[in-house]
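K.L.:
Have a look at this one before I ask anything.
The values are calculated or read from the model by the stated rules, or taken from the named source; none is laboratory data. Just so you know, these numbers come straight off a predicted model, no measurement behind them. Here the Cβ positions follow ideal geometry from the backbone for every residue, glycine too, while neighbour counts run over all protein chains shown.
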Amino acid sequence: MVPVASYIGRFAPSPTGPLHLGSLYTALASYLDAHTNYGRWLVRMEDIDPPREIPGAADTILRQLENHGLHWDDSVLYQSQRLLAYQQAIEELVDKQLIFFCQCTRARLRSLNSVYDGRCQSQKLLTTDSSVTKSSAIRILAPDKPIAWQDLIRGPCSENLAQSCGDFIIVRRDGLFAYQLAVSVDDGYQGITHIIRGDDLLDSTPRQIYLLEQLSLTVPAYGHVPVIKDHDGDKLSKQGFAPMLNAATPGANIEQCLTLLGLNLPIDLAGACVEELLPWAIKHWARSKTSHVKPEKLDFVINLSLIHI
C-alpha cells in the first residue's frame, strides 16, 4: 500500500457498553490502516445519547483499547462537549433552507416502510427555538440524485437518498442531535481523511457525504469491512449482548481479529503478545484482504473461551 501524505483516521465508539470482539475488530482495522499509511489515529467518544449510555463505559472502552495496544495520537474528543458546534451547523442549514420540522408520529413513520414521504416539508425552519423543537424532529431534505463514492474496500458505491430513505432526521424529537449530523460535523472538525469501519454503516455514508458537502466540509475516503456475525447470521453488537472482551487475553483477542481481517499469522507469532503482533500486522495490512473475508462463515467467530466476561 502506498503511504498517504496526510492521513488522519479515527475510531468512534459509543459508551453504551464495553468493547466486544466485533468492536475491537473494527477498531483494529482502522488503526492498522492509519499506521500502515504513516498516519494519525484518533479516538472520538460518541456520547450524545444519554438514555442509552452506561456510566463508566467511556473509561472502560479507553482502558480496553490501551490493553490491546491501540493507543491514540491526540486527546480523546467527547461529542458531549461539542453541542454548540452541532447547533451552529443547524443554523447554517437553516440559512440554506435545507431543513424542516417534522411532527410525524412513530406509528405513521412505521407505515412508510423506511422511506420518508416528505409530508412535513412545508414546515421550513425560520428559527431553531427550543420551545418549538421539543415536540418536533428536524429533517434535512434528501437530494433526488445518486451520491457516489469509491469505497476503499468495496469499490464503486452509489445511493439515491430520496429513494432509499427520504428526508432524514438530524435532530430527534427529544432534542438530541442525531448521529448523522454529529459525526459529519466532527469528521470535518478533526480533519478526518480516512474512515475504516464496519459495513453495517454503509448506508450512513451517503448521508454523511451529503451533510459534509452542505456544510462545506471535506469529505473523507471511506472503507467498509464486513462485520463479524454470530452463527445465526446476526451482527455482534452490544444490543445483542455480545460478550465483553476478556482483558486477560489481549494477544489472543488481537490474533483472532487479525485472522478475521484476512491476515494469516506466521507460526512463530502464534500466541504472541500485542507488542509483537501489532508491528507485524501494520507491515502486512492490506485493505484488499478484508474484501474477501466472510467472517460469518468462520467457525470460530464466537470463541467464548477468549471473550468471556
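K.L.:
Give me the residue from the stretch 12-35 that is polar (S, T, N, Q) and in contact with an Asp or Glu (Cβ under 8 Å, 6 or more places away or on another chain) and, out of that set, surrounded by the most Cβ atoms within 10 Å (Cβ to Cβ). Break it down into steps so the answer makes sense when it comes.
P.N.:
Step one: list which residues in the stretch 12-35 are polar (S, T, N, Q), which gives 14, 16, 23, 26, 30.
If we keep only those that are in contact with an Asp or Glu (Cβ under 8 Å, 6 or more places away or on another chain) as well, we get 14, 16.
Details: SER14: 20, THR16: 18.
Going through the qualifying residues, I end up with SER14.
K.L.:
Right, something else. For the stretch 23-140, which strands (runs of 3 or more DSSP E) that fit wholly inside it have 3 or more residues that are touching a helix residue (DSSP H, G or I) at 6+ places or on another chain (Cβ under 7 Å)?
P.N.:
Details: elements: 40-45, 99-102, 137-140.
It comes to 40-45.
K.L.:
Please work out which residue is surrounded by the fewest Cβ atoms within 10 Å (Cβ to Cβ), limiting yourself to the stretch 254-288 and to residues that are part of a helix (DSSP H, G or I) and within 21 Å of the chain's Cα centre (by Cα). Before you say what the answer is, go through the steps one by one.
P.N.:
From the stretch 254-288, those part of a helix (DSSP H, G or I) are 254-260, 267-269, 274-284, 287-288; that's our starting set.
From what is left, the residues that are within 21 Å of the chain's Cα centre (by Cα) are 254, 257-258, 260, 287-288.
Numbers: ILE254: 24, CYS257: 24, LEU258: 23, LEU260: 23, ARG287: 20, SER288: 10.
Among residues in the stretch 254-288 that are part of a helix (DSSP H, G or I) and within 21 Å of the chain's Cα centre (by Cα), the one surrounded by the fewest Cβ atoms within 10 Å (Cβ to Cβ) is SER288.
K.L.:
Quick check: is even one residue across the stretch 61-81 under 16 Å from ILE169 (Cα atoms) and basic (Lys, Arg)?
P.N.:
No, the stretch 61-81 has no match at all.
K.L.:
Please work out if ASP73 is over 25 Å from ILE140 (Cβ atoms), touching a residue at least 24 places away in the same chain (Cβ under 8 Å) and of a type in the set (D, E, K, R).
P.N.:
Values: over 25 Å from ILE140 (Cβ atoms): yes; touching a residue at least 24 places away in the same chain (Cβ under 8 Å): yes; of a type in the set (D, E, K, R): yes.
So ASP73 passes the test.
K.L.:
Here is a follow-up. Go through the residues of the stretch 183-204 one by one and say whether even a single one is among the charged types (D, E, K, R), free of Cβ contacts under 8 Å to residues at least 40 places away in the same chain and more than 30 Å from TRP285 (Cα to Cα). Break it down into steps so the answer makes sense when it comes.
P.N.:
Keep residues of the stretch 183-204 that are among the charged types (D, E, K, R), which gives 186-187, 197, 199-200, 203.
After this cut, where a residue has to be free of Cβ contacts under 8 Å to residues at least 40 places away in the same chain as well, the list is 200.
From what's left, more than 30 Å from TRP285 (Cα to Cα): none.
Checked against the condition, which is being among the charged types (D, E, K, R), free of Cβ contacts under 8 Å to residues at least 40 places away in the same chain and more than 30 Å from TRP285 (Cα to Cα), the stretch 183-204 yields no hits at all.
K.L.:
Could you give every pair whose Cβ atoms fall below 7 Å, whose first residue belongs to the stretch 206-225 and is surrounded by 18 or more Cβ atoms within 10 Å (Cβ to Cβ), and whose second residue is part of a strand (DSSP E or B) and small (Gly, Ala, Ser), counting only separations of at least 6 or pairs across chains?
P.N.:
HIS224/GLY198; VAL225/GLY198
K.L.:
Kindly provide the set of residues from the stretch 157-182 that are in contact with a strand residue (DSSP E or B) (Cβ under 7 Å, 6 or more places away or on another chain), under 23 Å from LEU77 (Cα atoms) and touching a residue at least 60 places away in the same chain (Cβ under 8 Å), ordered by number. Break it down into steps so the answer makes sense when it comes.
P.N.:
In the first step, residues of the stretch 157-182 are kept if they are in contact with a strand residue (DSSP E or B) (Cβ under 7 Å, 6 or more places away or on another chain); the result is 157-161, 167-173, 177-178, 180-181.
Right, trim to under 23 Å from LEU77 (Cα atoms) and you get 170-172, 177-178, 180-181.
Those that are in contact with a strand residue (DSSP E or B) (Cβ under 7 Å, 6 or more places away or on another chain), under 23 Å from LEU77 (Cα atoms) and touching a residue at least 60 places away in the same chain (Cβ under 8 Å): ILE170, VAL171, PHE177, LEU181.
K.L.:
For residues in the stretch 219-272 being acidic (Asp, Glu) and over 28 Å from ALA148 (Cα atoms), which is modelled with the lowest pLDDT?
P.N.:
Across the stretch 219-272, the extreme among qualifying residues is ASP232.
K.L.:
Sort out for me the strands (runs of 3 or more DSSP E) sitting completely within the stretch 168-226 that have 1 or more residues that are under 11 Å from the mean Cα position of the chain (by Cα).
P.N.:
Working: elements: 168-171, 194-198, 221-225.
Because the criterion is at least 1 residues that are under 11 Å from the mean Cα position of the chain (by Cα), the strands (runs of 3 or more DSSP E) in the stretch 168-226 that meet it are 194-198, 221-225.
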